[in-house]
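The values are calculated or read from the model by the stated rules, or taken from the named source; none is laboratory data. None of these values were measured; they are calculated from a predicted model. Using ideal geometry, Cβ is built from the backbone for each residue, glycine included, and neighbour counts are taken over all protein chains shown. The protein model used for the area step is the full one, side chains on, heavy atoms only, and it has no ligands, DNA or RNA in it. Shrake-Rupley method; radii C 1.70, N 1.55, O 1.52, S 1.80 Å.
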Amino acid sequence: MILYNVTTSLDPEIADQWVAYMRDTHMPEVMATGFFLKSQLCRLLNEEDDGITYAAQYYCVSLEQLEEYQQVAAPALRHEIEKHFGGRYASFRTMLEVVG
């Protein structure tokens, strides 16, 4: 099992709007691609500075499946987030193998 983790630090002024967008629009759209088995949104408790940080997590069965998602579906979905929140967040992505 592979965990695809997208960590995003936000301008606090947009946090509520961003969370609503993630829950109501973005994460359902990611799941609708069919590449992932489940997803969850977590808020980091050990935040630094004045930002608010979340981790959107998606589980898939293989690294090949994740790579296909990144090529086929991710660019358009990332573009939509940028249209709504461009310049007010920073994200980084990690791929993890679930071992236990």
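Here is a yes/no grid of residues against (1) modelled with pLDDT under 95; (2) under 17 Å from S91 (Cβ atoms); (3) in contact with a strand residue (DSSP E or B) (Cβ under 6 Å, 6 or more places away or on another chain); (4) not in a helix (DSSP H, G or I):
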position: Y4; (1), (2), (3), (4): no, yes, yes, yes
position: S39; (1), (2), (3), (4): no, yes, yes, yes
position: D49; (1), (2), (3), (4): yes, yes, no, yes
position: A56; (1), (2), (3), (4): no, yes, yes, yes
position: Q71; (1), (2), (3), (4): no, no, no, no
Residues of segment 6-37 being touching a strand residue (DSSP E or B) at 6+ places or on another chain (Cβ under 8 Å) and exposed (fewer than 15 other Cβ atoms within 10 Å of the Cβ), in sequence order, are P12, R23, M31, L37
Subset of segment 80-100 [open to solvent by 70 Å² or more (accessible area, probe 1.4 Å) and either closer than 21 Å to L3 by Cβ or in a helix (DSSP H, G or I) (or both)]: E82, K83, H84, F92, R93, M95, L96, E97, V99, G100
Look at L77 and say whether it is among the aliphatic types (A, V, I, L, M), out of contact with any strand residue (DSSP E or B) (no Cβ under 8 Å at 6 or more places or on another chain) and surrounded by 10 or more Cβ atoms within 10 Å (Cβ to Cβ). yes
Take the residues in segment 53-100 that are closer than 21 Å to A32 by Cβ and small (G, A, S); name whichever of them is farthest from the chain's Cα centre (by Cα). S62
Residue under question is Q71, and the condition is that it be farther than 17 Å from H26 by Cβ, surrounded by fewer than 10 Cβ atoms within 10 Å (Cβ to Cβ) and among the polar types (S, T, N, Q); does it hold? yes
